[in-house]
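Following: one structure in structure tokens, then a few remarks.
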There are 2 protein chains.
Amino acid sequence: MTASAVKSRKEFGKTLAVDITHRLRQDIVACRLKPGEPLKFDALKLAFGASFTTLREALTSLTADGLVIAEEQRGFRVAPVTSDDLIDITQTRILIEIELLSRSITDGGDDWEIAVMSTLHRLGRIEERLPGNHVENPEWQIAHRQFHEALVSCGRSPTLLGIRASLFERAERYRNLSAMFRPQPRDKVGEHRAIMQAAIARDTALATSLIDRHIRSTSDNVVKYASHLLTES
Amino acid sequence: MTASAVKSRKEFGKTLAVDITHRLRQDIVACRLKPGEPLKFDALKLAFGASFTTLREALTSLTADGLVIAEEQRGFRVAPVTSDDLIDITQTRILIEIELLSRSITDGGDDWEIAVMSTLHRLGRIEERLPGNHVENPEWQIAHRQFHEALVSCGRSPTLLGIRASLFERAERYRNLSAMFRPQPRDKVGEHRAIMQAAIARDTALATSLIDRHIRSTSDNVVKYASHLLTES
DNA sequence: GCAGAAGATATTTTCGAAAATATGTCCTAT
DNA sequence: ATAGGACATATTTTCGAAAATATCTTCTGC
């Protein structure tokens, strides 16, 4: 149990339970809490400084996100990472991301174009500043997430956007897993710019095909460099 | 607060919290707990015979399903029903249901065909037995859900199937809302049979187009007969 | 009469202890 | 030696009280 130490209380939400949910989520996505690891209450209490009940509520939330598995009467554990799960997430993401990107290309106005361009610009600046493997850097991760969020932000459906966000997080955990073992980062800069250009040019067919390849190749990379960490199949 | 009374403990799950989650879910979907209604702990304690903590865990679960809204520091309430939400759910369902049905038509074998036919047959028998408005009948609802589940059961993606199930429930709440005011049930029998036949005939284009219309017309029916209950817009 | 503070009440949120359940250990009978 | 049972330990799950926060009521000063 090498969770994030007890930090300043209530960083994220108004209630402690929401706060701890976020911190636990980050620890799981960053793989500080390892896939499959049992989440015992005694240890969590020590690490997060909260009571059984509050921790239970946080774990229940994360179960809904697919990051934690609850086994009734036998406690909780971090969701394992498997090939099947990675394939499932990847295919589902492609379906939903394409739908939302198409809608955004149709409906997005000036503000959308500006958001897409500026988030990509920020991402580029961060990549210049950080040499080598920036994928593990939290600043890069936030900027990366914000770029992809901007792309689909005019998808209009709160439900679909919520699902997308949840899947993005689950995928990010796999990315973090492979980042530990990847020798050199591939040219994501170019990929991102191409997607941006196709989107701004309102070329739906090209943009969606690029997003498809982008998501797929990210997943392939995980299989390539972290397959030894995936249990089952 | 006219929730289901204190029933036999642990009907659904091993733990009390899971059990209460299911019972609360049913009460919300059936509109025994009204949209927008505040869910106060004192009242819930009385109705379900559980403690603060256990109820809190149940409500947290349902928040993830979109059936309950949590307002930090100000408690929980049943998710309101709105036009925008209905449209959102409907469009998202169409996207996902079409994808899963297509996959099932491609991948489904003998077992799938048998499941589709037999669940439809059961649904028909129930409709014969129950004259008039059977939509509110729990037996019909279960059979109806099982038919639609059978149709998409070979979609292969646990994630997508989980999302689908959650959306189906949210939609069912709207159906129950309009059922209270609908004079006569429309010919769902014929619609369901047509979908079944197209699916078994492996006619993906026809089957998906029928499902699209089926979901859309269900939603239109809600707007037609229950629009006065939808807040906003 | 009314805005705003101050106090009283209602409600949610959090805690640690107690109950329920699972897991591990040791002993016995075959 | 080993399967099975009984006891002991570890862990989860549930509870009701206490703390924290919000909401309502009353009072004061203008």
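Filtered by the rule that a residue be in a loop (DSSP other than H, G, I, E, B) and not aromatic (Phe, Trp, Tyr), segment B:178-198 gives B:Met180, B:Arg182, B:Pro183, B:Gln184, B:Pro185, B:Arg186, B:Asp187. Scoring B:Leu24 on the criteria (1) open to solvent by 30 Å² or more (accessible area, probe 1.4 Å); (2) of a type outside the set (Gly, Ala, Ser); (3) assigned to a helix (DSSP H, G or I) leaves a single failure, condition (1). Of all residues in segment A:27-55, none satisfies the criterion of being in contact with a Pro (Cβ under 9 Å, 6 or more places away or on another chain), within 16 Å of DNA strand C (Cβ to nearest atom) and closer than 27 Å to A:Lys14 by Cβ.
Would you call A:Glu169 open to solvent by 40 Å² or more (accessible area, probe 1.4 Å), at pLDDT 95 or above and acidic (Asp, Glu)? It is true that A:Glu169 is open to solvent by 40 Å² or more (accessible area, probe 1.4 Å), at pLDDT 95 or above and acidic (Asp, Glu). Comparison of B:Ala70, B:Ala58, B:Ala79 shows that the only residue that is touching a His at 6+ places or on another chain (Cβ under 9 Å), within 16 Å of DNA strand C (Cβ to nearest atom) and within 14 Å of chain A (Cβ to nearest Cβ) is B:Ala58. When residues in segment B:205-233 are screened for being in contact with a Leu (Cβ under 8 Å, 6 or more places away or on another chain) and open to solvent by 30 Å² or more (accessible area, probe 1.4 Å), 2 of them pass. Just one of the numbered conditions (1) within 14 Å of chain B (Cβ to nearest Cβ); (2) more than 16 Å from DNA strand D (Cβ to nearest atom); (3) touching a helix residue (DSSP H, G or I) at 6+ places or on another chain (Cβ under 6 Å) is not true of A:Arg122: (1).
Each row is one residue, and each column tells you yes or no for (1) in the same structural domain as B:Tyr225 (by TED's automatic domain parsing); (2) more than 9 Å from DNA strand D (Cβ to nearest atom); (3) out of contact with any Ser or Thr (no Cβ under 6 Å at 6 or more places or on another chain).
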position	(1), (2), (3)
B:Pro35	no, yes, yes
B:Leu44	no, yes, yes
B:Ala47	no, yes, yes
B:Thr54	no, no, yes
B:Glu57	no, no, no
B:Leu62	no, yes, yes
B:Asp88	yes, yes, no
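Scanning segment A:34-49 for residues that are of a type outside the set (A, V, I, L, M, F, W, C) and open to solvent by less than 70 Å² (accessible area, probe 1.4 Å) yields a total of 4. For B:Phe147, the test of being among the aromatic types (Phe, Trp, Tyr) and crowded, with 18+ Cβ neighbours inside 10 Å is passed. Of the residues making up segment A:140-167, those that are touching a helix residue (DSSP H, G or I) at 6+ places or on another chain (Cβ under 8 Å), in contact (Cβ under 8 Å) with a residue 12 or more places away in the chain and of a type in the set (Ser, Thr, Tyr) number 2. Candidates in segment B:71-86 are the residues that are part of a strand (DSSP E or B) and crowded, with 20+ Cβ neighbours inside 10 Å; of these, the one that is nearest to DNA strand D (Cβ to nearest atom) is B:Phe76.
Listed by first and then second residue, the pairs linking a residue in segment A:25-50 that is of a type in the set (Asp, Glu) to a residue that is part of a loop (DSSP other than H, G, I, E, B) and within 16 Å of DNA strand C (Cβ to nearest atom), with Cβ atoms under 9 Å apart and 6 or more places separating them unless they lie on different chains, are A:Asp27/A:Ala3.
Yes/no per residue for (1) more than 24 Å from A:Asp187 (Cα to Cα); (2) under 19 Å from the mean Cα position of the chain (by Cα):
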site	(1), (2)
A:Leu100	yes, yes
A:Gly108	yes, no
A:Trp112	yes, no
A:Thr119	no, yes
A:Gly132	no, no
A:Val135	no, yes
A:Val152	no, yes
A:Leu160	yes, yes
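State whether one or more residues within segment A:56-77 are β-branched (Val, Ile, Thr) and out of contact with any Phe, Trp or Tyr (no Cβ under 9 Å at 6 or more places or on another chain). Looking for residues that are β-branched (Val, Ile, Thr) and out of contact with any Phe, Trp or Tyr (no Cβ under 9 Å at 6 or more places or on another chain), one finds none in segment A:56-77, hence no.
Output yes when any residue across segment B:57-69 is at pLDDT 95 or above, farther than 22 Å from A:Ala64 by Cβ and surrounded by 19 or more Cβ atoms within 10 Å (Cβ to Cβ), and no when none is. No, segment B:57-69 has no match at all.
The values are calculated or read from the model by the stated rules, or taken from the named source; none is laboratory data. No experiment lies behind these values; they were computed from the predicted model shown. Methodologically, a virtual Cβ is constructed for each residue, glycine included, from the backbone with ideal geometry; neighbour enumeration extends over all protein chains shown. Ligands, DNA and RNA are stripped out before the accessible areas are found, and what is left, the full protein with its side chains, is counted by its heavy atoms. Shrake-Rupley method; radii C 1.70, N 1.55, O 1.52, S 1.80 Å.
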